[in-house]
1. Give the residues of region 61-99 that are of a type in the set (D, E, K, R) and either under 22 Å from T172 (Cβ atoms) or in contact with a helix residue (DSSP H, G or I) (Cβ under 6 Å, 6 or more places away or on another chain) (or both), sorted by residue number.
2. Just to verify a result, which residue in region 29-58, among those that are more than 15 Å from the chain's Cα centre (by Cα) and of a type in the set (D, E, K, R), is modelled with the lowest pLDDT?
3. Restricting the first residue to region 145-159 and requiring it to be in contact (Cβ under 8 Å) with a residue 12 or more places away in the chain and within 24 Å of G102 (Cβ to Cβ), which pairs with a second residue that is outside any loop (DSSP other than H, G, I, E, B) and of a type in the set (S, T, Y) meet a Cβ separation below 7 Å and a spacing of at least six or different chains?
4. For region 74-87, enumerate the residues that are part of a strand (DSSP E or B) and either more than 14 Å from the chain's Cα centre (by Cα) or more than 19 Å from G140 (Cα to Cα) (or both).
5. Please verify whether S44 is closer than 17 Å to E103 by Cα, touching an Asp or Glu at 6+ places or on another chain (Cβ under 6 Å) and of a type in the set (G, A, S), treating the condition exactly as stated.
Amino acid sequence: MHAATRLILLALPLALVAPPAAAQEFHPPSGGSTAAEPSVGGPSVDLYGFSVRGGLDVTHGVQWVIGTSFDVAELWSPRVRLRPSVEIASEPGSTVTFHWAGELIYRFQPDNAPAIPYVGIGVGHMSAAHPTIWPTIAVGFELQLRRSFNWLIEYHALDRLGRHRFLIGLSTRGAGGD
């Protein structure tokens, strides 16, 4: 009985404080600031998108892959973006490898489109037994889940098309368009 009384005395003040402490609904800013908008033909640096994805590397048997990427700059157009990314993958024998890449992505639709196909090329670095630098290719599309969240499906080719990764995940995007 003594423990039940302590629990009630602890829970009652928390229950009374909870309604005023409730979280407010977040409303993202519309339109963005003029500092982040690219000038005519010029680059603009900002965080335009973020994605988290997971999948399989099907090159040498099935291996798991998880990764993330950031759209950090718009170059020449709101549809051409600079995207650094990192992926962690398993290798046979429980070895874990890291892959860092910098890619230029061309998005065929604006951010507010219901489906956004894209392609990209870049350069990546793999930290394995024999670290290498190689070209990368990304092909994928995003499907609108909510106003600023999209499903992401991507094929990522590494090592001069010698490694093949299929990924699925979520991405955040600005709610604006071109």
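The values are calculated or read from the model by the stated rules, or taken from the named source; none is laboratory data. Note that the structure is a prediction, hence the values are computed from the model and not measured. FYI the Cβ positions are ideal-geometry reconstructions off the backbone, even for glycines, and counts take in every protein chain you see.
1. Of everything in region 61-99, those that are of a type in the set (D, E, K, R) and either under 22 Å from T172 (Cβ atoms) or in contact with a helix residue (DSSP H, G or I) (Cβ under 6 Å, 6 or more places away or on another chain) (or both) turn out to be D71, E74, R79, R81, R83, E87.
2. Among those residues, the one meeting the criterion is E37.
3. N150/S171; L152/S51; L152/S171; H156/T136; A157/T136; L158/T136
4. E74, V80
5. Criteria met by S44.
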